[in-house]
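Data block below; observations after.
The values are calculated or read from the model by the stated rules, or taken from the named source; none is laboratory data. Predicted model only: the values in this text are computed from it and were never measured. With ideal geometry, Cβ positions are generated from the backbone for all residues, glycine too; neighbour counts draw on all protein chains shown. When the accessible area is computed, the model is the full protein with side chains, heavy atoms only, and any ligands, DNA or RNA have been set aside. Shrake-Rupley method; radii C 1.70, N 1.55, O 1.52, S 1.80 Å.
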Amino acid sequence: MAKRKRVEVLTGHRVRLPPEVRSPFEVYLNGVKQEFGYDYQVMRGELVFNRELVRQRLGTGAWFLGAWG
């Protein structure tokens, strides 16, 4: 039986910016550059994405392979 991957949904599609971040800056998700106005907006010190963000939890083997692979 195949193992299921655990995923965690980050609610709200929002990510708070650190206070020292000022424009211009670049945003990447999983190594892919995101485009301002198309993929995200900036509102009240937060990045607001137009789609749901999901965090995948890696098992020990996958983490080990990624760290030393």
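Selection of the stretch 22-54 for residues being of a type in the set (Phe, Trp, Tyr) and surrounded by 11 or more Cβ atoms within 10 Å (Cβ to Cβ) yields Phe36, Tyr40, Phe49.
Taken over the stretch 35-50, the criterion of being free of Cβ contacts under 8 Å to residues at least 12 places away in the same chain and of a type in the set (S, T, N, Q) is satisfied by Gln41 alone. Which of the residues belonging to the stretch 24-43 are assigned to a loop (DSSP other than H, G, I, E, B) and either at pLDDT 90 or above or of a type in the set (A, V, I, L, M) (or both)? Matches in the stretch 24-43: Pro24, Phe25, Glu26, Glu35. Across the stretch 4-21, the qualifying residues are those that are open to solvent by 100 Å² or more (accessible area, probe 1.4 Å) and either under 12 Å from Leu47 (Cα atoms) or in a helix (DSSP H, G or I) (or both), and the one among them that is modelled with the highest pLDDT is Arg16.
Could you list all residues from the stretch 24-49 that are hydroxyl-bearing (Ser, Thr, Tyr) and under 14 Å from Arg14 (Cβ atoms)?
If the condition is that a residue be hydroxyl-bearing (Ser, Thr, Tyr) and under 14 Å from Arg14 (Cβ atoms), then Tyr40 is the only one that fits.
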